[in-house]
């Protein structure tokens, strides 16, 4: 459950993050303004509130109840999109304007310049921060606990209420998070070194 | 071929970069634009393919109006090659891929056709052996020659050069200028912003001197060097030629 939650939110967050990141730096005000507002709004809200929000508010909006899992997914994607969008904006802005102009000067269209020149380089530059954010996301999935979702931490507490071995159980779950996140961090560091060595 | 009529360009609200500039560039001729930095030379060049949008006036390139919203600016740019001061190659691609990208994506050539043409161009600029090198592995002069090949791959009718040798070490300037001289002698329509007066004397038919966003003097090459009218032109020439 924890993994499902993390992977789906990650995929959704990155997908919408790319779109929102591109929208944020658009030269057209009616595209960039809403995107900027969205990013600022979600970045100034605590995640736990966003989760509550989607859990209680969205069913009212649509007039029918929604499973805790779906509403958690939507909440995570909505929240993480804002963070990924900022990472992607930074990555795109790290690419020199000169290259883009050189590409425009050969007659390429905006989407071609993005697709062939900017995004391949930007994604490579921002992979480390994307991966760091993914680790944070993985840990944050534990917050879905508050709406009764049976993710890893919730399971732990359920077992705890049966077995009454709080210290051992929570130590164990801390260990699991530690191992998984440390492995991912090591992977990120490996990768960073590789990027720095490369051209 | 290129007609510039009363063009004014502002950057920001109150900084006027070009003031009512008018001139024309004829087919098959090489024009050098010189002048102190900040005089608007590069901006004028960038207005021609609308990398910079001017607010007033009109530019007609090969029958197409640059500022007219109905003009397909991408079509116009296909025929106008541009070479930049800092080369601006795509660092994640080999020299060969830098050259073949636009012909494949814009002209829809097959990879094979684009590559064989790119190799010919690399041979022409004298770095056939660097086809598979990345920009970071090339010297400045080599990078600029790849950049010229990249522009030529689109078979443009006009070539714009924006200070193509200003960022180069002195010993590499010659190799880039040689390529440009060949191009000019083959009859390419070229507009070159540069301080290389030797190049200007050798191949340019016309020289334009700009200062403070205005064209101060525009003359054919021998008149420009031998009988400059304007004191500002004389002053500029004295300063720039005293080191030669």
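Data for the structure
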{"item": "Residue tally, condition in contact with a helix residue (DSSP H, G or I) (Cβ under 7 Å, 6 or more places away or on another chain), more than 29 Å from residue B:177 (Cβ to Cβ) and more than 14 Å from chain A (Cβ to nearest Cβ), over segment B:53-65", "result": "1"}
{"item": "Hits in segment B:124-152 - residues which are in contact with a strand residue (DSSP E or B) (Cβ under 9 Å, 6 or more places away or on another chain) and within 11 Å of chain A (Cβ to nearest Cβ)", "result": "B:147, B:150, B:151, B:152"}
{"item": "Test result for residue B:99, assigned to a helix (DSSP H, G or I) and in contact with a helix residue (DSSP H, G or I) (Cβ under 8 Å, 6 or more places away or on another chain)", "result": "yes"}
{"item": "Among the residues listed as B:24, B:53, the single one being assigned to a strand (DSSP E or B) and exposed (fewer than 14 other Cβ atoms within 10 Å of the Cβ)", "result": "B:24"}
{"item": "Tally of residues being assigned to a helix (DSSP H, G or I) and within 13 Å of the chain's Cα centre (by Cα) across segment B:182-216", "result": "2"}
{"item": "Those residues of segment B:66-90 which are more than 15 Å from the chain's Cα centre (by Cα) and at the interface with chain A (Cβ under 7 Å from one of its Cβ atoms), in sequence order", "result": "B:74, B:90"}
{"item": "Meets criteria (out of contact with any helix residue (DSSP H, G or I) (no Cβ under 7 Å at 6 or more places or on another chain), over 18 Å from residue A:9 (Cβ atoms), within 14 Å of another protein chain (Cβ to nearest Cβ) and surrounded by fewer than 19 Cβ atoms within 10 Å (Cβ to Cβ)) for residue A:97", "result": "yes"}
{"item": "Complete set of residues in segment B:27-38 that are modelled with pLDDT of 90 or more, within 25 Å of residue A:99 (Cα to Cα) and not in a strand (DSSP E or B)", "result": "none"}
{"item": "Residue among A:122, A:144 that is within 14 Å of chain B (Cβ to nearest Cβ) and either surrounded by 14 or more Cβ atoms within 10 Å (Cβ to Cβ) or not in a helix (DSSP H, G or I) (or both)", "result": "A:122"}
{"item": "Condition met for residue A:95 (modelled with pLDDT of 85 or more, assigned to a loop (DSSP other than H, G, I, E, B) and over 15 Å from the mean Cα position of the chain (by Cα))", "result": "yes"}
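Results for (1) more than 14 Å from every other protein chain (Cβ to nearest Cβ); (2) closer than 17 Å to residue B:213 by Cα; (3) touching a residue at least 40 places away in the same chain (Cβ under 8 Å), shown as yes or no for each residue.
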site	(1), (2), (3)
B:13	yes, yes, no
B:19	yes, yes, yes
B:22	yes, yes, yes
B:26	yes, no, yes
B:48	no, yes, yes
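Listed here are the residues, each with its yes/no results for (1) buried (at least 21 other Cβ atoms within 10 Å of the Cβ); (2) over 26 Å from residue A:122 (Cβ atoms).
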residue: B:93; (1), (2): no, no
residue: B:100; (1), (2): yes, no
residue: B:114; (1), (2): yes, no
residue: B:119; (1), (2): no, yes
residue: B:123; (1), (2): no, yes
residue: B:132; (1), (2): no, no
residue: B:138; (1), (2): no, no
residue: B:165; (1), (2): yes, yes
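The values are calculated or read from the model by the stated rules, or taken from the named source; none is laboratory data. Computed from a predicted model, the values in this text were never measured in an experiment. FYI the Cβ positions are ideal-geometry reconstructions off the backbone, even for glycines, and counts take in every protein chain you see.
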